[in-house]
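The values are calculated or read from the model by the stated rules, or taken from the named source; none is laboratory data. All values derive from a computational prediction rather than experimental measurement. As a convention, Cβ positions derive from the backbone with ideal geometry for all residues, glycine included, and neighbour counts pool all protein chains shown.
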Amino acid sequence: MHSNIQDKFRSSIRRVAFFFVSILVMLFIYLSYIQIYQSNFLVSHPLNRRTTEASRMVEHGKILDRHKDILAYSVSDGAGGYKRQYPYGSITSHIIGYDSLQYGKSGIEASHAGYLSGLSNPERRLGSITHLWDIKSGNNVILTLDASLQEIAYKALGTNRGAIVAISPHTGEILLLVSKPGFDPNNIDRDWQSLSQSDVSPLLNRAVQGLYPPGSIIKTMVAETALTEKRINLKSNFNCSGSLKIGTDYTLNESNYTAHGNIDLEEALAVSCNITFGTLSLQLGRDKMANMFEKYGFNKLLTSDVPEVPSRIPSFSRMGDGDLAQTGIGQGSLLVTPLRMAMLASCYANNGTIMQPYMVKQITAPDGTVIKNFHEEEFSSPVNSQIAKQIQQMMVTVVNNGTGSAARISGISVAGKTGTAENPLGNPHAWFIGFAPADNPQIAIAVIVENGGSGGQVAAPIARKILEQALR
Amino acid sequence: MNLAHYELRLLALASLIGITGLFAVGFATNSINNMLFIVSVCFLFIVIAVHFLQKKLGHSGDPLLLPLAVVLIGIGLTMVLRLKPTLFVMQSLWVLVGLIAFVISAAFFRRLEQFAQYKYLWGIMGIILLLTAILFGVDIGGNKNWVIVGPIRFQPSEFAKIFIVLFLASYLTERHELLTFATKRYGPFDIPHPRFIAPLLAIWGLAMVMFVLQRDLGSALLFFGVTIVMTYMASGRIGYITLGVALFLIGSFLCYKLYPHVRVRVDIWLNPWSDPNGTAFQIVQSLFALGAGGVLGSGLTYGFPNLIPEVHTDFVFAAIGEELGFMGASAVLLFYLILIYRFFSIALKSPKPFSTLVAGGLATATALQVFLIIGGVTKFFPLTGITLPFISYGGSSMVANFILLGLLSAISEVRPDDA
């Protein structure tokens, strides 16, 4: 009798055992899925505070400028962790960013956190074994930035709101990138409330994320396209009567209603003639105008380390003639970033080729070994070199005999274009783009002073100070 | 036979794993102190002492059980020292109490077969224990299953599981024929006359009350599962499992509709990323820990398991996964797998029906518990708070699991009078 019961018990127990062993084996397989396959997703999830916590415990590497000037370094916080110090304070605030336990990170501190903390080093994959040689400090990040130039630019803007970007036209290296107002990254926790609630948005990096109407500086592009499309040549004449009636209900006016009379393209650019460029836009038509923005790469995002926002290009297909003429003089619904305008200047400086702007030059280990080099890269090549040369020449004339005269530097030939962009927020924005020396450009620059007034009077002198310093 | 000799070697090896872990934590946190030395030496000494004491008492149980438990305890002590150093001495004392309970239990349950006749006593004790938790339960760490008597606080459900298994085993051994043959057909189910399954329904009802009143999903599922599986073991009729699963699904559906806390548990299981900072915080943190551990882990003390609330009790497995990696976590899982395998083979080897069912029931309880908690913290299964045997911090769980281990050790002994 016993053995009978036992047999029955045993056969069902065997099945139960088989079942439980099976689900535990399934659990085993599932565990390997979570810990191996999903590991990367879970580690890099923004809500996973481990990277932040871990990075607080290692001494982060330094951030250095192109001349190895220190822009950020770590000091012990006295409690086993480290905190960041920024010798240049608000001058480099938008590029370097901040590093706060409470509010997170921004700028290079955020985008290169993996390198700076050393936590993204490949040997970290070895997990606990890494403690054998224990990484105590992170890598250094060397920027393309020139801190002394950055400081001069920051001071040149004075108390104005605005932004300045300068690029090395042959390489795309960003030499300076200023946004004002800045903030003090050394005291970000203390100042956070007032900074984040401020009307003037000090945390916004205007140089790459501020969107502005470009005003007349866009005329360089229209001039180039009209030449390239052979709608005109250098000898073509325009007649400016001070206003242009478009259709039945729109009139494009010259600023101050001055009639420029009979002028050629070079003169038109030098005096920034609205009638000429409004007319040229209408001659080019919607498709060519749309192509123009396309070929300069306005609807293509940078692939480098620069955190830009896309410019707003109006949709040309359904645009009226009035708006088309407006767009040709940089008004209307067209909005661009100062970075893109510096790229525009660099295009003519570099004979028609735009190099991809980048900020990080090199990553080095604490002992100086190079871990990674970043190289120049072509972004787009919208203009042929012959036409680029012609635009260069016209831009030199703008500075020598035109609206950009305040950017003149004795002994150095400067090319430029001013802009005075009407906007709904008050006084016009003052713009200047340019490069120097015109015969062998070393630096291309874009300056905007928000609600600063006339580009020639306000932005051009600021550009001059910086170009002078850069070429000394 | 040289089994006892194997056990001694395995015990030495198992203790060393734990001691190595303790010293690794000690060195990494610069906190090597006398207490660590005392605990380590005592741990090794007492474990070996238990071996010789058992030998002296004439035990010849399964030589794998104690070493497996000692490995798990070593890992558990290491994690408690790493996660909550202030609780380390307390946990060490609980291990000591547990080892004593093991020796007593192994000796006491040699007469297990004679206990079959007290089945209602076991049942009543089990029910009383559960009722105390239901009536006097105090909420500690989100689970209302603690009872406080003077200075002592314990979780009665940990002990109740042993009594319930004893009760079910004796009841089912006696009634297995009725459960197998005296059935009536209700639709697709063959069910015995309600009179015969009344005790089973009582336990099921109790599980439901625990579920609803105490929000103790883990224990409710455990008791419910054990009841159904043991009924199947005794009857061999798959209908009981089908019925149980059907009841479970209907019950789950009703609870899902009626109780917000159940709904929350299921919803966060289905999609934890919908509310990762709110209701799903714990499980999401647990997944982060497991993912961060990767294959090799961050190394003891180099991870951040304290970001998970209640990490030292229910979520200790996530901490192991983070700091010891998949290597460590899967090793722990394998130790459980071997232990559960041994439990089931003890059931299969036992010559007496009652002992067979007791061993099978305890094996089921342990397997289910391990599955529920490890499956819960890895999001394989909805999370139900329950302890990880031998590893989670807590005295009740430690002592109850050692009693369970002693009981199985006693069953595994082959005595001349059985043959």
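A few points about this structure:
This table checks each residue for (1) polar (S, T, N, Q); (2) surrounded by fewer than 24 Cβ atoms within 10 Å (Cβ to Cβ); (3) at pLDDT below 95.
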residue: A:SER111; (1), (2), (3): yes, yes, yes
residue: A:LEU119; (1), (2), (3): no, yes, yes
residue: A:GLY127; (1), (2), (3): no, yes, yes
residue: A:THR130; (1), (2), (3): yes, yes, yes
residue: A:ILE135; (1), (2), (3): no, yes, yes
residue: A:ILE142; (1), (2), (3): no, yes, no
residue: A:LEU149; (1), (2), (3): no, yes, no
residue: A:LEU176; (1), (2), (3): no, no, no
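- Residues of segment B:329-346 classified as without any contact (Cβ under 8 Å) to a residue 60 or more places away in the chain and either surrounded by 23 or more Cβ atoms within 10 Å (Cβ to Cβ) or facing chain A (nearest Cβ under 9 Å) (or both), total: 9
- Condition met for A:ASP189 (among the charged types (D, E, K, R) and part of a helix (DSSP H, G or I)): yes
- Filter result (within 17 Å of A:GLU422 (Cβ to Cβ) and crowded, with 17+ Cβ neighbours inside 10 Å) within segment A:247-276: A:LEU252, A:GLU254, A:SER272, A:CYS273, A:ASN274, A:ILE275
- For segment A:393-408, taking the residues that are surrounded by fewer than 24 Cβ atoms within 10 Å (Cβ to Cβ) and part of a loop (DSSP other than H, G, I, E, B), the one that is farthest from the chain's Cα centre (by Cα) is identified as A:GLY402.
- None of A:LEU234, A:LEU227, A:LEU252 is assigned to a strand (DSSP E or B) and either in contact with a helix residue (DSSP H, G or I) (Cβ under 7 Å, 6 or more places away or on another chain) or at pLDDT below 95 (or both) except A:LEU252.
- B:TYR240 satisfies every condition listed in (1) closer than 20 Å to B:GLY218 by Cβ; (2) buried (at least 18 other Cβ atoms within 10 Å of the Cβ) except (1).
- None of A:SER93, A:SER76, A:SER32 is assigned by TED's automatic domain parsing to the domain that holds A:LEU126, in contact with a Ser or Thr (Cβ under 9 Å, 6 or more places away or on another chain) and not aliphatic (A, V, I, L, M) except A:SER93.
- Here B:ILE283 qualifies as modelled with pLDDT of 85 or more and either β-branched (Val, Ile, Thr) or assigned to a helix (DSSP H, G or I) (or both).
- Here A:PRO169 meets each of (1) touching a residue at least 40 places away in the same chain (Cβ under 8 Å); (2) part of a loop (DSSP other than H, G, I, E, B); (3) surrounded by fewer than 17 Cβ atoms within 10 Å (Cβ to Cβ); (4) not β-branched (Val, Ile, Thr) with one exception, condition (3).
- The residues on offer are A:GLU59, A:GLU53, and the sole one that is at pLDDT below 90, surrounded by fewer than 16 Cβ atoms within 10 Å (Cβ to Cβ) and either more than 14 Å from chain B (Cβ to nearest Cβ) or over 30 Å from B:THR366 (Cα atoms) (or both) is A:GLU53.
- In segment A:57-95, the residues that are β-branched (Val, Ile, Thr) and under 21 Å from the mean Cα position of the chain (by Cα): A:ILE63, A:ILE91, A:THR92, A:ILE95
Here is a yes/no grid of residues against (1) in a helix (DSSP H, G or I); (2) facing chain A (nearest Cβ under 10 Å); (3) farther than 20 Å from B:LEU64 by Cβ:
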{"site": "B:PRO309", "(1), (2), (3)": "no, no, yes"}
{"site": "B:LEU362", "(1), (2), (3)": "yes, no, no"}
{"site": "B:ALA367", "(1), (2), (3)": "yes, yes, no"}
{"site": "B:GLY376", "(1), (2), (3)": "yes, no, yes"}
{"site": "B:GLY385", "(1), (2), (3)": "no, no, yes"}
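- The condition (being within 14 Å of chain B (Cβ to nearest Cβ), surrounded by fewer than 22 Cβ atoms within 10 Å (Cβ to Cβ) and either polar (S, T, N, Q) or touching a strand residue (DSSP E or B) at 6+ places or on another chain (Cβ under 7 Å) (or both)) is satisfied by just one residue among A:SER76, A:SER100, A:SER39: A:SER39.
- Hits in segment B:243-268 - residues which are buried (at least 22 other Cβ atoms within 10 Å of the Cβ) and hydrophobic (A, V, I, L, M, F, W, C): B:ILE268
- Any hit, segment A:294-305, residues being among the aliphatic types (A, V, I, L, M), in contact with a helix residue (DSSP H, G or I) (Cβ under 6 Å, 6 or more places away or on another chain) and buried (at least 19 other Cβ atoms within 10 Å of the Cβ): no
- Hey, B:PHE224 away from chain A (no Cβ under 13 Å) and under 21 Å from the mean Cα position of the chain (by Cα) or not: yes
- Annotation: A:SER11 fulfils all but one of (1) in contact (Cβ under 8 Å) with a residue 40 or more places away in the chain; (2) at the interface with chain B (Cβ under 9 Å from one of its Cβ atoms); the unmet one is (1).
- Residue count, segment B:16-42 (criterion: assigned to a loop (DSSP other than H, G, I, E, B) and more than 20 Å from B:SER298 (Cα to Cα)): 2
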